[in-house]
Amino acid sequence: FFAEEFGKILGNSGISKWLIFIPISVFSFGVYQAIDYYLNRQKKFTSMVKSKLLQVLSVSLLQIIMKFINNGGLIIGFSIGWFVSTLLIFISNKINFFNLRINELKSTAKKYKEYPLFNASTSLLNTISTYLPHFIISGTYGMIVLGGFSLVFRVVQAPASIISKSISKVYLQR
């Protein structure tokens, strides 16, 4: 929709054709997180492990396959991998969101209406501060340097991410 203008703002018009995959990835990731929280609350830890394994395998496999098919295979594989894994996890866990009671949802939303206001702004700022260097590097130095930076970023971030996510899942369940 505004992909070309956004690409110009970032100083990298080549990125504009890939921006269409952002909504797909964000939607898939959001649904996956909701399912993951649901499985955690239901104490279905085996299903959580299987769903994470399925997610990692599908994203990695599709990225490898798409790399040989298309020049932007890593981006396409990432987006489609998240979508496919979320769909498979949704189906394999037989989650029925149609059994939700609307009145109960409304009362819970009223009770915690301030939570999204405070949490959304901090989450947005945290995400922007984490990934803003990616956009700056792509516009300033190009996609090859961005690829190297992204690889190093993921490797450095991995140990802290594993520990923090494991601990947070334990406390979140309570």
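The values are calculated or read from the model by the stated rules, or taken from the named source; none is laboratory data. The model shown is predicted, which means the values in this text are computed figures rather than measured ones. Glycine gets a Cβ as well: all are built from the backbone with ideal geometry, and neighbour counts include every protein chain shown. Heavy atoms of the whole protein, side chains included, go into the accessibility calculation; ligands, DNA and RNA do not. Shrake-Rupley method; radii C 1.70, N 1.55, O 1.52, S 1.80 Å.
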- Classified through the alpha carbon gyration tensor (a ≥ b ≥ c as square roots of its eigenvalues; rounded if a/c is under 1.5, else prolate when a/b is larger than b/c, else oblate), the stretch 1-81 comes out oblate
- Note on the structure: Contour minus Cα-Cα span, Ser161 to Trp18, at 0.36 nm per residue, comes to 48.8 nm
- Query: At what distance in nm do the modelled label points of Leu88 and Asn70 sit from each other, each positioned 7 Å from its Cα along Cα→Cβ?
  - Reply: 1.9 nm
- Matching label, volume of the Cα convex hull per residue in Å³ computed from the structure shown, candidates (1) 138; (2) 87; (3) 156: (3)
- Nearest-20 debye value, the chain charge dipole, Cβ charges on Lys, Arg, Asp, Glu: 840 debye
- Query: Got a sec to turn the phi values of the stretch 127-132 into Karplus ³J(HN,Hα) couplings, 6.51 cos²θ - 1.76 cosθ + 1.60 with θ = phi - 60°, whole Hz, x for Gly and Pro?
  - Reply: 5, 4, 5, 6, 9, 4
- Sites Lys43 and Arg101, calculated FRET efficiency, Cβ-Cβ separation with R0 35 Å, nearest 0.05: 0.95
- Convert each backbone phi in the stretch 85-95 into a coupling constant with the Karplus relation 6.51 cos²θ - 1.76 cosθ + 1.60 (shift: θ = phi - 60°), then list the ³J(HN,Hα) values in order as whole Hz, x for Gly and Pro. 5, 5, 4, 5, 5, 4, 6, 5, 8, 6, 7
- Among Thr86, Ile64, Leu74, whose Cα lies farthest out toward the positive end of the dipole of the stretch 10-93, if unit charges sit on the beta carbon of Lys, Arg (+1) and Asp, Glu (-1)? Thr86
- Query: Can you give the helix-only mean residue ellipticity at 222 nm for the chain, where every DSSP H stretch with n ≥ 4 adds -39500 (n - 2.57) and the sum goes over all residues, rounded to the nearest 500 deg cm²/dmol?
  - Reply: -28000 deg cm²/dmol
- Note on the structure: Expressed in nanometres to one decimal, the distance between label points 7 Å along Cα→Cβ at Leu54 and Asn119 is 2.4 nm
- Task: Using a 1.4 angstrom probe, figure out how much accessible area the chain has per residue, in square angstrom, rounded to the nearest whole.
- Result: 75 Å²
- Calculated from backbone phi, Karplus (6.51, -1.76, 1.60) coupling profile of the stretch 151-156 in Hz, x at Gly/Pro: 5, 5, 4, 5, 5, 5
